[in-house]
1. Name every residue in the stretch 312-332 that is within 21 Å of Lys254 (Cα to Cα) and either of a type in the set (A, V, I, L, M, F, W, C) or within 14 Å of the ligand (Cβ to nearest atom) (or both), in order of residue number.
2. Do we find a residue being crowded, with 18+ Cβ neighbours inside 10 Å and farther than 26 Å from Val85 by Cβ anywhere in the stretch 135-152?
3. Is it the case that some residue within the stretch 209-228 is more than 25 Å from the chain's Cα centre (by Cα), among the basic types (Lys, Arg), surrounded by 14 or more Cβ atoms within 10 Å (Cβ to Cβ) and assigned to a strand (DSSP E or B)?
4. Among the residues of the stretch 335-352, is any surrounded by fewer than 20 Cβ atoms within 10 Å (Cβ to Cβ), at pLDDT 95 or above and not assigned by TED's automatic domain parsing to the domain that holds Glu149?
5. For the stretch 90-200, which fully contained helices (runs of 4 or more DSSP H) count at least 2 residues that are under 18 Å from the mean Cα position of the chain (by Cα), modelled with pLDDT of 95 or more and of a type in the set (Asp, Glu)?
6. Going by the structure shown, is Gly242 open to solvent by 20 Å² or more (accessible area, probe 1.4 Å), modelled with pLDDT of 95 or more and not assigned by TED's automatic domain parsing to the domain that holds Gly126?
7. Take Thr282 and tell me if it is buried (at least 24 other Cβ atoms within 10 Å of the Cβ), among the hydroxyl-bearing types (Ser, Thr, Tyr) and not assigned by TED's automatic domain parsing to the domain that holds Gly75.
Amino acid sequence: MADGTADGTAGRADPDALFNFSALRRFPDVEAENLFAFDASDTLILSESAAALNGLDGDALDGGALDGGAVAVVGDRYGALTLAVASFLGSVDLRVQQDLVSGARALDRNAAELGLSGGFRRVPLGEELFAGVRVVLWQLPRSLAELAEVADQIARYAHPGVVVFAGGRIKHMTVAMNAVLQESFADVRAGLGRQKSRVLTARGPIRPSGESLYPVREFSHELGLWLCAHGATFAGARLDIGTRYLLGFLDGMKPDARQAVDLGCGSGVVAAALAAARPALTVTATDQSAAAVASAAATAHANGLAGRITAVQDDAMAGFPGGSADLILLNPPFHLGATVHTGAALKLFDAAARVLAPGGELWTVYNNHLDYRAQLQQRVGRTSVQGRNAKFTVTVSVRGRTG
Ligand SMILES: C[S@@+](CC[C@H](N)C(=O)[O-])C[C@H]1O[C@@H](n2cnc3c(N)ncnc32)[C@H](O)[C@@H]1O
């Protein structure tokens, strides 16, 4: 029997001390000097959960080793949590959910490099991810809606004795997170801060009686469309003000276009507005986020547009053939994870340049202070400002005939 308790920190061994975190890379996600593949919140989650993980290796728990050994890792960025647990508890039933395809690819790569590819299985958010799970390691999301959606699912499906270790950087944590977790767990405690990080430990899942609220669904009277959103989706089921400004230009967008892309689709609001306004178009809504893609599919369905909108999860259209679209719409991200970084937008400009057919148009909206015009001109093609209000600029960039 392991000498750790299910809730203490006196673990037999600390995975933090047993794993070489510096071997991890972010690739194929953007890599730069100020961007890291792991941080102190990963190592703190691992050390706080060490005793509970130690208790999972067999006879400490009832229900057999397999059931007793089920661990779910949620929100792991590049594999720090998953691969430390996989190397620490070789035979555990380790289930992993990551929202971002770039993070999922980085985890797969890091796992292959470290010989740990067989040590976990990827499962989408839902019952299979949490059924019978005793320990959840969770990189706290930034949005309370995502926190609420995942907490609801853990409480709904996990083992009644589940212990959840949800950690993050203190600067990104708010007391509202405790309140959200308390909706789904009877006992939520904040641990001590270490290296600017903190872990919230939750026990006593409160089984929800009704159906999940997600994806949430709201009718936009302004657009005459239903918008649907899972918790992790940008702007939820509401119309972002930059997006609203971009949609004011729909009529002027490449009139003869047949194949359009809603790049970084979030809820799929742009795809739905475009498909509704332009019956001759088919639209691919694509995003790196699994939650966004599921939301865009739900939005298309809710508006009777599923036959003309296809939702695809991909990192910056990596799997799209070159020259395959004649119109791309983009409200670019300005974060890479929690870090404000222009690399996220520039990567999408380069992707648009590759996927646009000659003469194709990229329509972009951005905050005035970002002034992306020169970058768009250099990376995509001739770029002109189509509109500018107090906050936002809308540009069109035309892909040159010579590429
Ligand atoms: C500002 S939001 C816009 C969302 C939606 N189009 C709207 O207008 O409400 C930017 C979106 O880009 C997505 N994104 C960021 N980097 C991406 C990448 N490398 N590949 C695909 N999507 C990406 C984000 O997940 C996010 O949904």
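1. Of the residues in the stretch 312-332, the ones within 21 Å of Lys254 (Cα to Cα) are 317, 320-332.
Result: Met317, Phe320, Ala325, Leu327, Ile328, Leu329, Leu330, Asn331, Pro332.
2. Looking for residues that are crowded, with 18+ Cβ neighbours inside 10 Å and farther than 26 Å from Val85 by Cβ, one finds at least one in the stretch 135-152, hence yes.
3. There is no residue in the stretch 209-228 that is more than 25 Å from the chain's Cα centre (by Cα), among the basic types (Lys, Arg), surrounded by 14 or more Cβ atoms within 10 Å (Cβ to Cβ) and assigned to a strand (DSSP E or B).
4. Looking through the stretch 335-352, at least one residue is surrounded by fewer than 20 Cβ atoms within 10 Å (Cβ to Cβ), at pLDDT 95 or above and not assigned by TED's automatic domain parsing to the domain that holds Glu149.
5. Passing ranges, in order: 144-157.
6. Working: open to solvent by 20 Å² or more (accessible area, probe 1.4 Å): no; modelled with pLDDT of 95 or more: yes; not assigned by TED's automatic domain parsing to the domain that holds Gly126: yes.
In short, no.
7. Judged against the criteria, Thr282 is not a match.
Quick grid of which residues meet (1) more than 24 Å from the chain's Cα centre (by Cα); (2) more than 12 Å from the ligand (Cβ to nearest atom); (3) in a loop (DSSP other than H, G, I, E, B); (4) touching a residue at least 12 places away in the same chain (Cβ under 8 Å):
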| residue | (1), (2), (3), (4) |
| --- | --- |
| Pro255 | yes, yes, yes, no |
| Cys265 | no, no, yes, yes |
| Ala275 | yes, yes, no, yes |
| Thr286 | no, no, no, yes |
| Thr310 | no, yes, no, yes |
| Asp350 | no, no, no, yes |
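The values are calculated or read from the model by the stated rules, or taken from the named source; none is laboratory data. Here the structure is a predicted model, which is why all the values come from computation and not from measurement. Neighbour counts run over all protein chains shown; Cβ positions are idealised from the backbone, glycine included. Areas reflect the complete protein model, heavy atoms only, side chains present, ligands, DNA and RNA absent. Shrake-Rupley method; radii C 1.70, N 1.55, O 1.52, S 1.80 Å.
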